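Data first, discussion second: the structure below is written as structure tokens.
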Amino acid sequence: RICRSIPYTALLKRQITGIMEALNDKKDAVPEKTNGMLQYTIKANNTMELLRQKMGNMPLIFLYVPYMDMDHKGQVSVAEDKAKIAAVEKACKSNSIIFVNMGPAFLEYYNKNHVLPHGHLNSQVGKGHLNKEGHRIIADTLAKRIQQEGLVP
């Protein structure tokens, strides 16, 4: 209902729906017997290519927001598949989409403040939705990147 009452959200919904439909049409382009990583890379490229086609020359930012893992000793690391992240980052670059990986910023914030970006009092430590600190880290990182890219004066 909110999508119909706010013009921008209605437009965004139509664009996302169009992209998803186009991706469904393109999935036949990936042979079923293709190995997992190659298939992932092809899908990442197809997705970013479609986003770029649908959005024209509009600046696009792909925001990767990983979870953090904590081991039994309390050591924290970024939970990610480096090969898949590299494939998405390469697909973004190939399609002039700005790629922002929040993993390093989350890890730096944790190392300085010992606060995880995900989780609340009623959830598993470091899992679930972003908390206040996670949102703040993303906002600060995006603001810096937008300025670095010259997207705002």
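Mind listing just one residue for me: the one in segment 106-122 that is crowded, with 17+ Cβ neighbours inside 10 Å and among the hydrophobic types (A, V, I, L, M, F, W, C) and, of those, farthest from Glu49 (Cα to Cα)? Here the answer is Leu116.
Inspection of segment 78-95 finds a residue satisfying the criterion of being more than 23 Å from Leu50 (Cα to Cα) and not charged (D, E, K, R). Scanning segment 77-88 for residues that are surrounded by 17 or more Cβ atoms within 10 Å (Cβ to Cβ) and either over 15 Å from the mean Cα position of the chain (by Cα) or more than 26 Å from Asp140 (Cβ to Cβ) (or both) yields a total of 1.
Among the residues of segment 118-139, those identified as touching a residue at least 24 places away in the same chain (Cβ under 8 Å), assigned to a loop (DSSP other than H, G, I, E, B) and not small (Gly, Ala, Ser) are Val125, Lys127. Does at least one position in segment 14-25 carry a residue that is modelled with pLDDT of 90 or more and within 30 Å of Gly126 (Cβ to Cβ)? No, segment 14-25 has no match at all. Among the numbered conditions (1) assigned to a loop (DSSP other than H, G, I, E, B); (2) modelled with pLDDT of 90 or more, the only one that Glu32 does not meet is (2). If you scan segment 31-73, which residues turn out to be on the phi < 0 side of the Ramachandran plot and loosely packed, with under 11 Cβ neighbours inside 10 Å? Within segment 31-73, Pro31, Glu32, Lys33, Asn35, Gly36, Asn57, Met58, Asp71, His72, Lys73 qualify. Could you please let me know if Ala91 is surrounded by fewer than 12 Cβ atoms within 10 Å (Cβ to Cβ), out of contact with any Cys (no Cβ under 6 Å at 6 or more places or on another chain) and outside any loop (DSSP other than H, G, I, E, B)? It is false that Ala91 is surrounded by fewer than 12 Cβ atoms within 10 Å (Cβ to Cβ), out of contact with any Cys (no Cβ under 6 Å at 6 or more places or on another chain) and outside any loop (DSSP other than H, G, I, E, B).
The values are calculated or read from the model by the stated rules, or taken from the named source; none is laboratory data. The structure displayed is predicted, hence computed values, not measured ones. Methodologically, a virtual Cβ is constructed for each residue, glycine included, from the backbone with ideal geometry; neighbour enumeration extends over all protein chains shown.
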